[in-house]
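Encoded as structure tokens, the structure appears first; notes follow it.
The values are calculated or read from the model by the stated rules, or taken from the named source; none is laboratory data. Since we're looking at a predicted model, the values are computed, not measured. As a convention, Cβ positions derive from the backbone with ideal geometry for all residues, glycine included, and neighbour counts pool all protein chains shown. Accessible surface areas use protein heavy atoms only, side chains included; no ligands, DNA or RNA. Shrake-Rupley method; radii C 1.70, N 1.55, O 1.52, S 1.80 Å.
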Amino acid sequence: MESFEEHYASMCDAIKKHLPGADMALIDRAVDYANQKHKLQKRKDGSPYIIHPLAVAQIVAEMGLDCDAILGALLHDCIEDTDATYDDIAKRFSPTVADLVEGVSKLTRVQYASKEEEQMENLRKMLMAMAKDIRVILIKISDRLHNMRTMEYQSPAKQKQKSLETMEIYAPISHRLGMQRIKWELED
């Protein structure tokens, strides 16, 4: 299991390589904020939760996205899983970053009566999010990619459910967006 420091260094290396002019002080503030908000949470493998946002931000950086998208990736679970609010994120980082975080949160928030209904609604929400800001979908795909990379810590039922959803929704969207490398990894 990699440490916080190793994940942080990998993320910073990806940012420096793909976005050399990034405001690293602002990114560090987002890392500190997310780390503070998730401080009591652990991943299923027992690692600190902050490892996940760092990994998602690294994937976003490797896609060559901008600083707002990296910040959105670092903060993507804050509204959904902590006491962080849209207004607080907007004030500390920017309304654009808060919009990205809220957009990613909205993609996973609602409960449905059936899996088919849930998948259709997820697809509808993703299409709406793409119309507003494609970065929301790219952050969500990065989130799913990291979750698939760490799927061995989930129950067999959860692995099957998430894998099927990934194959039916996320891989085809990645393919349509021209993201073949990610599509192939999601399909593995």
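What to note about this one:
- Some residue of the range 64-73 being farther than 15 Å from residue 136 by Cβ and not aliphatic (A, V, I, L, M): yes
- Qualifying residue in the range 39-48 (condition: of a type in the set (A, V, I, L, M) and open to solvent by 30 Å² or more (accessible area, probe 1.4 Å)): yes
- Total residues in the range 141-167, condition among the hydroxyl-bearing types (Ser, Thr, Tyr), open to solvent by less than 60 Å² (accessible area, probe 1.4 Å) and either in a helix (DSSP H, G or I) or under 21 Å from residue 65 (Cα atoms) (or both): 3
- Among the residues of the range 9-27, just one is farther than 13 Å from residue 60 by Cα, part of a helix (DSSP H, G or I) and open to solvent by 50 Å² or more (accessible area, probe 1.4 Å), namely 25.
- Residue within the range 85-92 that is surrounded by fewer than 16 Cβ atoms within 10 Å (Cβ to Cβ) and modelled with pLDDT under 95 present: no
- Scan of the range 67-107 for residues that are of a type in the set (Asp, Glu), under 23 Å from residue 40 (Cβ atoms) and in contact (Cβ under 8 Å) with a residue 24 or more places away in the chain, ordered by number: 77, 80, 81, 83
- Note on the range 49-66: among residues that are open to solvent by 30 Å² or more (accessible area, probe 1.4 Å) and part of a helix (DSSP H, G or I), the one that is farthest from residue 17 (Cα to Cα) is 58.
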